[in-house]
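Quick notes on the structure that follows.
The values are calculated or read from the model by the stated rules, or taken from the named source; none is laboratory data. Since the structure is predicted, the reported quantities are computational estimates derived from the model, not experimental observations. No Cβ is skipped: glycine too gets one built from the backbone with ideal geometry, and neighbour counts run over all protein chains shown. SASA here: full protein model, heavy atoms, side chains in, ligands and nucleic acids out. Shrake-Rupley method; radii C 1.70, N 1.55, O 1.52, S 1.80 Å.
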Amino acid sequence: MIQQLATLIFVVLAAVAAHAQEAEGGLSPFAGNVGNAVWTLVIFLLVVTVLGKFAWGPILKLLKDREEFIHKSLADAKRDREDAEARLKEYTDKLQAARNEAAGMIAAARQDAERLRGELQQKARTEADALIKNAERQIQLETQRALGQIRTEAVELSLSIASKLIKRNLSKEDNAKLIDETLKQIDSQRTPM
């Protein structure tokens with residue numbers, strides 16, 4: 001409505017200016033007949049009114065709707081951006097938490113591996129010590145058995161030599177008795193050493 005009034009005032013001022021120019025003798029679109037000027041003014045007002053009612057109203061309504069749509073779109077975009085930033089922060093926090101958890105799991109796995117390595121080393125040492133002790137015991141038993149065999153052979157050899165010297169053969173019982181006595185003598189001589 002204010003725009004229509006402003007347009008009307010502009011038209012009237014233009015008409016007054018044109019009339020003043022006509023009075024001075026200049027060239028004017030209203031020069032000549034007043035009836036043409038009135039009809040031109042009426043038609044102009046009629047066009048302005050029709051345009052105001054049928055064209056400017058819908059155009060202004062479309063412009064207003066467009067402005068509201070743009071404001072709504074900007075508000076939606078701002079809200080969507082804020083939502084996206086919130087999701088990004090949430091995902092970043094989750095990612096950081098997952099990284100921390102993974103680092104904790106890796107540290108725990110390293111500790112477990114270190115502990116297991118220590119246990120395996122201790123077990124290997126224990127088994128190696130047991131093998132060494134078993135080997136030493138086997139060596140000792142084999143040494144004692146070899147010494148016993150050597151003694152037996154030495155006694156038999158001595159008896160054989162003695163029997164040849166005596167020129168007589170001893171019986172099995174005499175032979176066994178002589179062997180036992182000789183072994184006891186050797187053991188008694190060996191023990192104090």
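Data overview
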| read-out | value |
| --- | --- |
| Options D112, D174; residue that is at pLDDT below 90 and either among the acidic types (D, E) or surrounded by 10 or more Cβ atoms within 10 Å (Cβ to Cβ) (or both) | D174 |
| Residues of the stretch 18-63 that turn out to be among the hydrophobic types (A, V, I, L, M, F, W, C), at pLDDT below 60 and open to solvent by 80 Å² or more (accessible area, probe 1.4 Å), as a count | 2 |
